[in-house]
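Trainee: Dropping the structure in here first, questions after.
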Amino acid sequence: MRAIRAYLRGPAAMIGLVLLLAVIAMALSADWAYPRDPLSLAGRPLQWPGANPRFLLGTDNSGRDIAAQIFHGARISLLIGLVATGIAILIGIVVGALAGYHGGWVDDVLMRVTEAFQTLPNFLLLLVLVAVFGSDITTVTVAIGVVSWPAPARLTRAEFLSLRSREFVEACRTLGMGDMRIIFREILPNALPPIIVYASVVMAVAILLESALAFLRLSDPNVASWGNLIGLGRDVLRTQWYVSAIPGVAILATVLAVSLVGQGLNDALNPRLRGR
Amino acid sequence: MDLTRRATLLTSAALAASVLHPERAFAQETPRRGGIMSVHFATEQRILNPSLQASTGVYIVGGKIQEPLVDLDANGNPAPCLAESWEAAPDGKTITFKLRQGVTWHDGRPFTAADVQFTAMEMWKKILNYGTAVQLFLEAVDTPDPHTAVFRYSRAMPLGLLLRALPDLGYVSPKHVYEGSDIRQNPANTAPIGTGPFRFVQYERGQFIIADRNPNYWRNNLPYLDRVIWRVVGDRAAAAAQMEAGQILFSPYSSLTIADLQRLGRDPRFEVTTKGNEGNARTNTLEFNFRNPVLADIRVRRAIAHALDVPFFIENFLGDFAKLGTGPIPSVSTDFYPQGMPQYAFDRRRANALLDEAGHRRGAGGVRFNLRLHPAPWGEDIALWSTFIQQSLQEVGIRVEIVRLDAAGFLRSVYNDWNFDLATGWHQYRNDPAVSTTVWYRSGQPKGAPWTNQWGWTDAETDRIIDDAQSEVDAAKRRALYADFVRRVNTELPIWMPIEQIFVSVLSKRLRNHSNTPRWASSSWHDLWLAS
């Protein structure tokens, strides 16, 4: 309760929350607002926003309704963001917790693997994965999750390193609890707040990664994603810039919303910042 | 005020004069030596030797380094190049070429009839796409002396056909470089050695290719240019920006976006034209893989053709750059274009009825079945067309998944691995249906040869018409045979070609002596020069 009140006090956090709720509302209402397939031919291509009352945001160079693609694209972006973040956080927590709790050679092995991943720029690794496994939306989402786990893993490990020698952990050991139970039932809940905050960063980056892929025309062309619309609009950037600009604003708003919410959570959950 | 008006008047008078008498405007200029020509290279195919792969993406580079036996002149008539003269025996089975003397390869060795013999027998007949079909009945090439090559055929070869084919399918490679090696893996395939006006220097994958002036070129004192650089730019918008910055002087083969073609057409620094590409008419294709039992059913193929509103697509997406196509022979080919062939007008109800009849009822979500569509990665029109196909087929209950690949990946999965359902790209028509058109239909094409019949479709009747037409010496009879051919393939529909286009070139106004033959972009550019 206190954390919620602390969250609601921050103006930036409130703006983020409102934006995020608006994007979620768009995603939920997509089928109702634009019941037709957003990729179907809606009318003459490249009509400017407002030129035709049927198309509030105009049409793209394939004659598809941009507004419909923005609404349906919100689903794809949020879905990619949530699923990829889930995958990254899950892998990160497991790797980080085992490394941080056990230390020794387990830590060495897991951290060397993590570092091997960290030395590769994650976008290049993503390009390789997409080149090898193809670019349908499931593969892209999983691939984004797979390239995003090292940072959460290191964060989890750091939390575990500081928590594992605390008295309550020693007490659990004395009581004869198993390692798994100590890791997941006792230490993890205490380590979770910074990881949750960090998840918002991962989610923002995941959305951007998909857009970057689509900009290079390497994402799944068979779904209405914002990135695909930007990639398509690149061909007419000099004359019909709105095709790229409109989904660009949508991505900006979503990433900003997720980041602001993450920042707000950090302020609310971090006891050291309280009362600042 | 008055001055300005007078200046405007003078300028428009000068403009009018140059429009009315373009040759006069240029005739006063003496060609300037030197300069670097930079070219937009949009589609790397990992091969530069035109004796092994017939494709605009190969000619744009290899055509400046290697040369064909015969070229085309300004009016599209055969003109001597490496061959100085030719003669056919009355029965059409022997054609004799007298070769040019005193020509040397870039590595200093002399060019002789042995090179022609080796290239014809080992490359044109065995490997070169289109070449394998044109030279199907070639039995041997005799070399009575180092400057005579005698082509012997088992069935008559119309001289007109061979001469129309050779500018594209008659590039000669050096025997001493290729003999005894695995031709397909020879390093000269990406570092070609030729007799042409430019010598290969360097190829950096994905970045650039450089060729320098050949000081020993057989046309004395030519070429004018010092160097040609091909810049590999896959992104169309970026290529247009580089043209405006002066880093690229020529973008061939409709490689820019349609919006940029229209925009640069209004820019006084550039010329946007179809001139110089008349010998390269193209049609947009829809290729069916018969190994998929759904597509092997002719009702499904016809339903798909009926589901496409092509006039709507052309009017709204391609504008002035295209017209409605009627099959494999485009209307620019006045010698062969047949009238009144079977067509598939847009008729969604008929498409639905045909699909129902074929037993593909609509299932969940109104979907009858799924297909994968492989669009070729060149040309914005192909990307737009593939999306339009996806959208149109959805309306009749066929869910289409678009599979995007790079140039090499596309060619491999469609023409070598046969791993596709539908594919779409360009068919190029080169002056005669036997050059690069009938190979899309004739069975028995070597696996992996791009832009040939790799559909798993065999039709004895079509094969017979193609073979007869190819060896028919009488012009009127040939024309009638090609009408039969179009009627047959438009009925069976192994491929549908519903859009016709001519390639568009975008050129800097600094170029001189450009677009002066019907295949200029592919030609050697020996007389091209740059005004300062």
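The values are calculated or read from the model by the stated rules, or taken from the named source; none is laboratory data. None of the values given here were measured: they were computed from a predicted structure. Ideal geometry is used to build each Cβ from the backbone, glycine not excepted, and the neighbour counts take in all protein chains shown. Surface areas here come from the heavy atoms of the whole protein model, side chains and all, with no ligands, DNA or RNA. Shrake-Rupley method; radii C 1.70, N 1.55, O 1.52, S 1.80 Å.
Trainee: Do we find that B:PRO90 is open to solvent by 50 Å² or more (accessible area, probe 1.4 Å) and closer than 19 Å to B:SER515 by Cα in this structure?
Mentor: On the way: open to solvent by 50 Å² or more (accessible area, probe 1.4 Å): yes; closer than 19 Å to B:SER515 by Cα: no.
No.
Trainee: Name the one entry in B:GLU461, B:GLU472, B:GLU492 that is in the same structural domain as B:ARG372 (by TED's automatic domain parsing), open to solvent by 20 Å² or more (accessible area, probe 1.4 Å) and within 24 Å of B:PHE346 (Cα to Cα). Lay out the reasoning, then the answer.
Mentor: Numbers: B:GLU461 fails: within 24 Å of B:PHE346 (Cα to Cα); B:GLU472 fails: within 24 Å of B:PHE346 (Cα to Cα).
None of the others qualify; the one that does is B:GLU492.
Trainee: Still on this structure, I have one more. What's the number of the condition B:GLY366 fails, among (1) on the phi > 0 side of the Ramachandran plot; (2) within 21 Å of the chain's Cα centre (by Cα)?
Mentor: (2)
Trainee: Looking for whichever is small (Gly, Ala, Ser), open to solvent by 10 Å² or more (accessible area, probe 1.4 Å) and at pLDDT below 95 here; the options are A:ALA67, A:ALA51. Which one fits?
Mentor: Working: A:ALA67 fails: open to solvent by 10 Å² or more (accessible area, probe 1.4 Å).
Only one candidate qualifies: A:ALA51.
Trainee: Okay, moving on. Suppose we keep only residues that are assigned to a helix (DSSP H, G or I), open to solvent by less than 10 Å² (accessible area, probe 1.4 Å) and in contact with a Ser or Thr (Cβ under 7 Å, 6 or more places away or on another chain) within segment A:225-234. Which one would you say is farthest from the other protein chains (Cβ to nearest Cβ)?
Mentor: A:TRP226
Trainee: Residues that are modelled with pLDDT under 90, open to solvent by 70 Å² or more (accessible area, probe 1.4 Å) and of a type in the set (D, E, K, R), at least 1 per element: which helices (runs of 4 or more DSSP H) completely within segment A:118-211 meet that?
Mentor: Values: elements: A:122-133, A:137-147, A:150-163, A:167-175.
Fully inside segment A:118-211 and qualifying: A:167-175.
Trainee: Next question, about the same structure. Among helices (runs of 4 or more DSSP H) lying entirely in segment B:1-104, which contain 1 or more residues that are at pLDDT 90 or above and in contact with a strand residue (DSSP E or B) (Cβ under 7 Å, 6 or more places away or on another chain)? If you could, list the steps in order and put the result at the bottom.
Mentor: On the way: elements: B:2-20, B:22-27, B:56-65.
By residue number, B:56-65.
Conditions tested, residue by residue: (1) within 12 Å of chain B (Cβ to nearest Cβ); (2) at negative phi; (3) open to solvent by 10 Å² or more (accessible area, probe 1.4 Å).
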{"residue": "A:TYR34", "(1), (2), (3)": "no, yes, yes"}
{"residue": "A:PRO38", "(1), (2), (3)": "yes, yes, yes"}
{"residue": "A:LEU41", "(1), (2), (3)": "yes, yes, yes"}
{"residue": "A:SER62", "(1), (2), (3)": "yes, yes, no"}
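Trainee: Sticking with this one: Those residues that are under 18 Å from B:ALA140 (Cβ atoms) and part of a loop (DSSP other than H, G, I, E, B), I need them from segment B:157-172; list them, please.
Mentor: Hits for segment B:157-172 are B:MET157, B:GLY170, B:VAL172.
Trainee: Which members of segment B:223-250 meet the condition of being within 14 Å of chain A (Cβ to nearest Cβ), in contact (Cβ under 8 Å) with a residue 12 or more places away in the chain and of a type outside the set (A, V, I, L, M)? Step through it out loud before you land on a result.
Mentor: Our first condition is that a residue be within 14 Å of chain A (Cβ to nearest Cβ); within segment B:223-250, this holds for B:233-245.
Cutting the leftovers down to in contact (Cβ under 8 Å) with a residue 12 or more places away in the chain gives us B:233-234, B:236-237, B:239-240, B:242-244.
Once the filter is applied, which keeps residues that are within 14 Å of chain A (Cβ to nearest Cβ), in contact (Cβ under 8 Å) with a residue 12 or more places away in the chain and of a type outside the set (A, V, I, L, M), segment B:223-250 yields B:GLY234, B:ARG236, B:GLN242, B:GLU244.
Trainee: While we're on this one: B:GLU401 passes all but one of (1) within 9 Å of another protein chain (Cβ to nearest Cβ); (2) crowded, with 17+ Cβ neighbours inside 10 Å; which number fails?
Mentor: (2)
Trainee: If you don't mind, another one. Would you check if B:SER386 is surrounded by 15 or more Cβ atoms within 10 Å (Cβ to Cβ), within 11 Å of chain A (Cβ to nearest Cβ) and in contact (Cβ under 8 Å) with a residue 40 or more places away in the chain? Give the steps one after another, and end with the answer.
Mentor: Details: surrounded by 15 or more Cβ atoms within 10 Å (Cβ to Cβ): yes; within 11 Å of chain A (Cβ to nearest Cβ): yes; in contact (Cβ under 8 Å) with a residue 40 or more places away in the chain: no.
No, not satisfied.
Trainee: Determine whether segment B:357-370 contains at least one residue that is surrounded by fewer than 16 Cβ atoms within 10 Å (Cβ to Cβ), modelled with pLDDT of 90 or more and acidic (Asp, Glu).
Mentor: Looking through segment B:357-370, at least one residue is surrounded by fewer than 16 Cβ atoms within 10 Å (Cβ to Cβ), modelled with pLDDT of 90 or more and acidic (Asp, Glu).
Trainee: Taking segment A:238-252, which residues are within 10 Å of another protein chain (Cβ to nearest Cβ) and either over 13 Å from A:TRP48 (Cα atoms) or touching a strand residue (DSSP E or B) at 6+ places or on another chain (Cβ under 6 Å) (or both)?
Mentor: Answer for segment A:238-252, where residues must be within 10 Å of another protein chain (Cβ to nearest Cβ) and either over 13 Å from A:TRP48 (Cα atoms) or touching a strand residue (DSSP E or B) at 6+ places or on another chain (Cβ under 6 Å) (or both): just A:ARG238.
Trainee: Only one of B:VAL332, B:VAL310 is in contact (Cβ under 8 Å) with a residue 24 or more places away in the chain and closer than 29 Å to B:VAL294 by Cβ; which? Spell out the reasoning first.
Mentor: Working: B:VAL332 fails: closer than 29 Å to B:VAL294 by Cβ.
Of B:VAL332, B:VAL310, the one residue that is in contact (Cβ under 8 Å) with a residue 24 or more places away in the chain and closer than 29 Å to B:VAL294 by Cβ is B:VAL310.
Trainee: With the structure loaded, tell me whether B:GLY456 is more than 11 Å from chain A (Cβ to nearest Cβ), at pLDDT 90 or above and under 25 Å from B:GLY279 (Cα atoms) or whether it fails that test.
Mentor: no
Trainee: Pick out, from segment B:275-378, the strands (runs of 3 or more DSSP E) lying fully within it that include 1 or more residues that are more than 28 Å from B:ILE258 (Cβ to Cβ) and within 14 Å of another protein chain (Cβ to nearest Cβ).
Mentor: B:369-375
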